[in-house]
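Each reported figure results from applying straightforward, stated rules to the coordinates on display, with no laboratory input. What you are looking at is a predicted structure, and each value in this text was computed from that prediction instead of being measured. Note that we place each Cβ from the backbone using ideal geometry, even for glycine, and neighbour counts take in every protein chain shown.
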Amino acid sequence: MGDPEQPNYFRLADRPCRSCRAARRTLNNPPQYASDPKSAGSCRAHCSHLACVAVAESRKGGSSLGGNLGPMDRSRIIPAQVRYWDSVADEKRFSHPLRIAWLTRHAGPRARILDFGCGHGRTLAELLRGGYKNVIGIDFSFRMLKCCRSHLPDVRLVQNDGQTIPLQKHSVDLVLLFAVLTCIPLDEEQRDLLREISRVLRPAGLLFISDLLLNRDLRNLERYDRYAGEYGTYGIFELPEDVVVRHHRKEWIEELTGSFGQLEFKPFEVRTMNSNKSAAFQYLCRALPSPK
Ligand SMILES: C[S@@+](CC[C@H](N)C(=O)[O-])C[C@H]1O[C@@H](n2cnc3c(N)ncnc32)[C@H](O)[C@@H]1O
């Protein structure tokens with residue numbers, strides 16, 4: 001067992017994910033240390049659960065995911081998320097509308113567009129139909145990209161998790177981020193992604209976000225309340241299929257995109273991938289000059 005006092009070890013959360021609890025009950029495992037593969041035993045896969053690692057990090061006062069976690073830690077977190085999106089690649093469908101009229105108002109047909117979290121290529125296909133041919137799709141799920149490839153044989157696709165987007169600084173005119181922030185629940189992770197997007201965007205480049213807002217119905221209020229303590233942010237919750245997602249306060253989106261200026265904004269209602277209705281927003285914004 002590793003020494004939890006050593007910097008490279010961090011204890012898993014006291015309240016681990018449901019899978020871990022189940023595994024501990026069965027195996028009577030002692031508390032586990034994420035960086036010690038031997039101690040993790042047979043519930044190791046569950047213990048890379050995003051929530052466990054995130055809560056453990058925040059409790060020990062470190063930064064949250066995507067911040068100062070070392071390469072070892074990221075290699076535990078990302079696979080858990082990728083596993084989920086791989087597992088649903090053939091079944092889930094997404095429906096945030098791509099407002100081509102907004103794009104044509106602000107981006108010429110030669111714009112180089114990065115669809116980050118492109119999924120199975122729904123929005124890439126729409127971009128092509130709308131006359132935007134210079135497109136790149138990025139997703140960390142190989143199975144999603146495989147779906148993409150099956151109907152978009154010529155589009156450039158890259159498997160990448162957004163920590164370091166493999167594109168040059170200032171090389172993209174527009175980034176689409178459609179239903180992706182909801183999959184990246186923690187503030188710090190979202191900030192990191194926005195920082196990386198800002199790096200690849202050309203000066204005054206465009207960012208088009210479509211994502212979920214907080215809802216007011218009882219089903220949602222109950223799950224926001226249930227998980228708020230565990231994740232430290234109201235709006236983050238677990239789905240029964242064991243993935244952590246987030247609905248956002250509008251104020252948080254404003255803060256996150258503080259280095260962009262608004263061009264278009266529209267609240268709307270969307271069907272989620274599980275066919276429930278949710279409040280949502282679409283926001284097209286332009287990178288502001290960085291302060292000198
Ligand atoms: C809800 S789906 C939306 C897909 C697509 N944007 C659409 O609207 O049709 C979210 C997608 O983001 C991908 N994703 C989530 N987190 C990611 C990350 N950190 N890096 C790359 N892709 C990610 C998932 O694999 C999934 O394909």
Provide the net charge surrounding TRP102, with neighbours chosen by a C-beta distance below 10 Å and charges set as Lys +1, Arg +1, Asp -1, Glu -1. +2
Yeah, segment 111-172 with a ≥ b ≥ c from its alpha-carbon gyration tensor (a/c under 1.5 is rounded, else prolate when a/b outruns b/c, oblate otherwise) is oblate
Modelled label-to-label distance, ILE100 and ARG129, 7 Å Cα→beta-carbon offset: nm? 0.7 nm
Net charge around GLY121, counting only other residues with Cβ within less than 15 Å of its Cβ (Lys, Arg = +1; Asp, Glu = -1)? +4
Pick out, from PRO185, GLY131, PRO166, the residue whose Cα sits farthest towards the positive end of the charge dipole of segment 105-187, with +1 on the Cβ of Lys and Arg and -1 on the Cβ of Asp and Glu. GLY131
What's the ranking of 208-221, 265-278, 133-146 by average number of surrounding C-beta atoms within 10 Å, highest first? 133-146, 208-221, 265-278
Give, as a single signed number, the net charge of other residues whose beta carbon lies under 13 Å from the beta carbon of SER198, with Lys and Arg counted +1 and Asp and Glu -1. +4
Do you know the relative contact order of segment 100-287, to the nearest whole percent, from alpha carbon pairs under 8 angstrom that are 6+ apart? 19 percent
Roughly what would the spin-label model give for ARG226 and VAL88, points 7 Å off Cα along C-beta, in nm? 1.6 nm
Looking at segment 195-260, which GluC sites (Glu not before Pro) are in a loop (DSSP not H, G, I, E or B) and have at most 15 other Cβ atoms within 10 Å? GLU241
Could you tell me the calculated FRET efficiency between LEU239 and ARG143, based on Cβ-Cβ distance and R0 = 22 angstrom, to the nearest 0.05? 0.75
